[in-house]
Amino acid sequence: MLHRISHVLLRGLQKIRVTLFFKVPLINHTLKPLFFKTPLVAKGNPQSKLPLFPYFSTSSPRYLLQSMTNTDTNDVEATVRQIMELIDAGADLVRVTVPGVKEVEAIHKIKKNLVEKNKNIPLVADVHFLPEVAEKTAYFVEKVRINPGNFTDKRDYSVSFTENEYQQGFEAMMLCAKSLIDICKKNNTIIRIGVNQGSLCGRIISRYGNTAEALVESALEWIKIAEKYDFHKIVFSIKSSHVKTMMEANLLLYQKMVEMGRVYPFHLGVTEAANEMEGRVKSAIGIGALMLKGLGNTFRVSLTEDPVHEIVFSKLLVTAIQEVNKNKYDSFSNSVLHIHYPEINKEKWWAGVGALVGKWWLTENIKDIKIENQHFAIDEIEKLQNCVLQICHIKKTHTEIIACPSCGRTQYDIQALLKVVKQRFANYPHLKIAVMGCVVNGPGEMADADFGIIGSANEKVAVYKGKERVSDFVSVSEALEILQSIINHSLSLPSVLTDGNDKR
Ligand code: SF4
């Protein structure tokens, strides 16, 4: 308790410091474009029947496509270059990680540099743990993403909260949010409330468990906060690496908003989707199914690849959704889902199939999935079938590998490591292995994996067995050997391994 009180006091002091800091503005406010052509409502979106807040235009309904840079934010030149590539690929907005105060200056330079190049793409500052960093960026970026799980609350899951303490935690967050909201109001800045199952705070989990309800409650608290201060430029995302939880939580939040009589925009995404076919199909199942239900204003397909690939696939997903929405390519009988989407483009086919699978998975008990497409060889079709069966936990044929897309916090070649892990550890169908970019968010977000490798410092990684850190600051090649040996050791023990399903 004392600890929490001192935390609130500390935040108060930090706020004073931030206020002083901005007496001499660091930021050139004219950098910000005059308008933010954002959250447009998709055609047929149930949200369009409800009051939307004034800055949302329905004149040109479409989804905004977004991605996130994975360069070091302090490397202004490289980050600007990557943003330009994303603009060329068709991104509507780009997120950049801002891990600390040092990076506030860097993202300001990035913004300035882009404006000088006449590239007024909206930037989203991605902030965890440091409300003062969110406040500083809110002066000049178009959107600030905060994570309610680490805005002021702590992760400590061992603490139980009395009713009073629970309320105090909420009030501390509300107090702290006020200065951010004040800055956002004055500067026309949107706040994305980015709830993530891997980083829910101990307070919410103590009451709701690590469930879809907990994710929704975390988001609802921020509706209360924003509305208390008469602030409505908020966008919500609820993400999880568990695709079904992510879908259910988004739909539940939407339902709660409908009951409240006002619906805020949704940003859709699946976390730790990894790469290649699995990454794309996982995202297509989660995001696509919600899009087919009419939900979502913007989305990000997270891939552990070049961020440009995320935009390329996002475009394919949008067109696939339009097609599978218009035509009947699916049927469900005797617990078997049949999909015949005769698309020639392989990734677009994955996207359409994924979305249809997600749509049925939400409501039916699927026992098998049969896919047909005359344009692809049988082994390609089987590969996709196995992929969707595995994601839906119907039939496991290979190890479930999850991986974060990486960002400016990553200090090693995660894309290369992921490829090696996928090859070398492919044949453990009842295991879940995580490859994560950083120790800041990695351990929380891989909490239910059996094993994991997480970036810990420059070119060094840590190896985890469940939540236990087995070794740290080792090279990638050492980590692979350690991982192999702890898997071998675990396999020699009776029933220590789990089935890779949600154990949270
Ligand atoms: S876990 Fe990955 S995506 Fe998340 S903050 Fe760390 S490096 Fe970035």
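Derivation of every value follows stated rules applied to the coordinates shown; laboratory data play no part. Keep in mind it's a predicted model, so treat the numbers as computed, not measured. Here Cβ is always computed from backbone atoms with ideal geometry, including for glycine, and neighbour counts include all displayed protein chains.
Strictly over 22 Å apart at the Cα level, which of Lys119/Lys348; Lys102/Lys465; Lys432/Lys465; Lys119/Lys185; Lys136/Lys178 would you flag in this model?
Lys119/Lys348; Lys102/Lys465; Lys119/Lys185
Rounded to the nearest 500, what is the 222 nm mean residue ellipticity of the chain from helices alone, with -39500 (n - 2.57) per DSSP H run of 4+ residues and division by all residues?
-14000 deg cm²/dmol
Toward the positive end of the charge dipole of the chain, about the Cα centre and with charges on Cβ (Lys, Arg +1; Asp, Glu -1), which of Leu290, Val474, Trp361 goes farthest?
The one lying farthest along the dipole's positive direction is Leu290.
Straight-line reach from Lys328: which aspartates and glutamates have Cα under 15 Å away, leaving out those fewer than 8 places along the same chain?
Cα-Cα hits under 15 Å: Glu343, Glu372.
For Asp88 paired with Ala426, estimate the spin-label separation in nm (one decimal), with each label point 7 Å from Cα along the Cα-to-Cβ line.
Those two pseudo-labels are separated by 3.3 nm.
Would you work out if segment 142-196 is rounded, prolate or oblate? Take a ≥ b ≥ c from the square roots of the eigenvalues of the alpha-carbon gyration tensor; rounded if a/c is under 1.5, else prolate when a/b is larger than b/c, oblate otherwise.
Judged from the Cα gyration tensor, segment 142-196 comes out oblate (a/c at least 1.5, b/c at or above a/b).
Roughly how large, in nm² to one decimal, is the mean projection of the convex hull of the alpha-carbon atoms in segment 400-491?
5.0
Just need the relative contact order of the chain here, percent rounded to a whole number, with Cα pairs under 8 Å and 6+ apart.
It rounds to 12 percent for the chain.
Determine how many Å³ per residue the convex hull of the Cα atoms of segment 330-391 encloses.
Roughly 73 Å³ of hull volume per residue.
Which residues does a label at Asp156 reach in segment 90-133, if reach means a backbone N under 11 Å from a point 7 Å past the Cα toward the Cβ?
Once the point is set 7 Å along Cα→Cβ of Asp156, nothing inside segment 90-133 turns out to lie under 11 Å by backbone N.
For the chain, with only Lys/Arg (+1) and Asp/Glu (-1) charged at the beta-carbon, what is the dipole magnitude about the Cα centre, in debye rounded to 20?
1400
For the chain, taking Cα atoms only, what is the radius of gyration to one decimal and the Dmax to the nearest whole Å?
That works out to 22.1, 68 Å for Rg and Dmax.
Under unit Cβ charges (Lys, Arg +1; Asp, Glu -1), what dipole magnitude, rounded to 20 debye, does segment 138-288 have relative to its Cα centre?
Rounded to the nearest 20 debye, it is 400 debye.
Starting from 0 in steps of 10 Å, tell me what percent of the Cα-Cα pairs of segment 312-420 lands in each bin.
13, 39, 33, 13, 2
Can you tell me the alpha carbon radius of gyration of segment 282-357 divided by the globular rule-of-thumb value 2.2 N^0.38 Å?
So the Cα radius of gyration is 1.08 times the expected 2.2 N^0.38 Å.
May I ask for the equivalent-ellipsoid semi-axes of segment 81-214, computed as the square root of five times each C-alpha gyration tensor eigenvalue and listed largest first in whole Å?
Semi-axis lengths for segment 81-214 are 32, 16, 11 Å.
Residue by residue through segment 316-330, which ³J(HN,Hα) values in whole Hz follow from phi under the Karplus form 6.51 cos²θ - 1.76 cosθ + 1.60 (θ = phi - 60°), with glycine and proline marked x?
5, 4, 4, 6, 4, 4, 4, 5, 6, 6, 7, 10, 9, 10, 9
Roughly how many debye, to the nearest 20, is the charge dipole of segment 330-391 about its Cα centre, given +1 on each Lys and Arg Cβ, -1 on each Asp and Glu Cβ, and no other charges? If you can, show how the numbers build up before the last one.
Values: 6 positive and 9 negative charges, 26 e Å.
The dipole magnitude comes to about 120 debye.
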